[in-house]
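Following: one structure in structure tokens, then a few remarks.
The values are calculated or read from the model by the stated rules, or taken from the named source; none is laboratory data. This is a predicted model, so every value here is computed, not measured. Every residue, glycine as well, gets a Cβ built from its backbone with ideal geometry; the counts of neighbours run over all protein chains shown. SASA here: full protein model, heavy atoms, side chains in, ligands and nucleic acids out. Shrake-Rupley method; radii C 1.70, N 1.55, O 1.52, S 1.80 Å.
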Amino acid sequence: MINSGIYDYINVLDKAADASYLRNQAIANNIANDDTPGYKRVDLDFQSVLAREIGKTKYVSLDQKIKKVDLSHLNVKIEKDASAFPFSYRIDGNNVDIDTENVELAANQIVYQGLTDSMGQEFNRIKQAMS
């Protein structure tokens, strides 16, 4: 993390990219355990954590919201998916739907690529401003 006002967006994008990378691992783990009896899928939800943190400051610009984001509150961890946990439509108790997981994996990879591209663009803007 870089402690300067010009890096606020980059710091938030960095946290989002870390969370997206963790989510990629969780989804890959779900896919790998598709045939494991009793396995319950895992996931993480960074979007709601970020929305909650940004939503604390209403009626201000996005720049001001990002400046007020407490990066320590943006930590997420992999957890069993609460919405799917008690239910399983399979006899073996596993609740992984391989088609859904593959779609989630592809979507998450696009998100990760977008986040890393955005960080690169922010660094390029800073470089141009310094030239």
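Points worth noting:
- GLN109 being open to solvent by 100 Å² or more (accessible area, probe 1.4 Å), out of contact with any Asp or Glu (no Cβ under 8 Å at 6 or more places or on another chain), modelled with pLDDT of 85 or more and part of a helix (DSSP H, G or I): no
- 2 or more residues out of contact with any strand residue (DSSP E or B) (no Cβ under 8 Å at 6 or more places or on another chain) and of a type in the set (Lys, Arg): qualifying helices (runs of 4 or more DSSP H) within segment 1-82: 62-68
- Each residue in segment 92-106 was checked for being open to solvent by 30 Å² or more (accessible area, probe 1.4 Å) and under 12 Å from ASN24 (Cβ atoms), and 3 pass.
- Note on segment 63-77: among residues that are closer than 14 Å to TYR7 by Cα and exposed (fewer than 12 other Cβ atoms within 10 Å of the Cβ), the one that is modelled with the lowest pLDDT is ASP63.
- The condition of being surrounded by fewer than 18 Cβ atoms within 10 Å (Cβ to Cβ), of a type in the set (Gly, Ala, Ser) and modelled with pLDDT under 80 holds for SER83.
- Complete set of residues in segment 1-58 that are of a type in the set (Lys, Arg) and either at pLDDT below 90 or farther than 26 Å from ARG125 by Cα (or both): ARG23, LYS40, ARG41, ARG52, LYS56, LYS58
- Pair list, Cβ < 7 Å and 6+ apart or interchain, from segment 55-80 residues that are free of Cβ contacts under 8 Å to residues at least 40 places away in the same chain to residues that are open to solvent by 100 Å² or more (accessible area, probe 1.4 Å) and part of a strand (DSSP E or B): none
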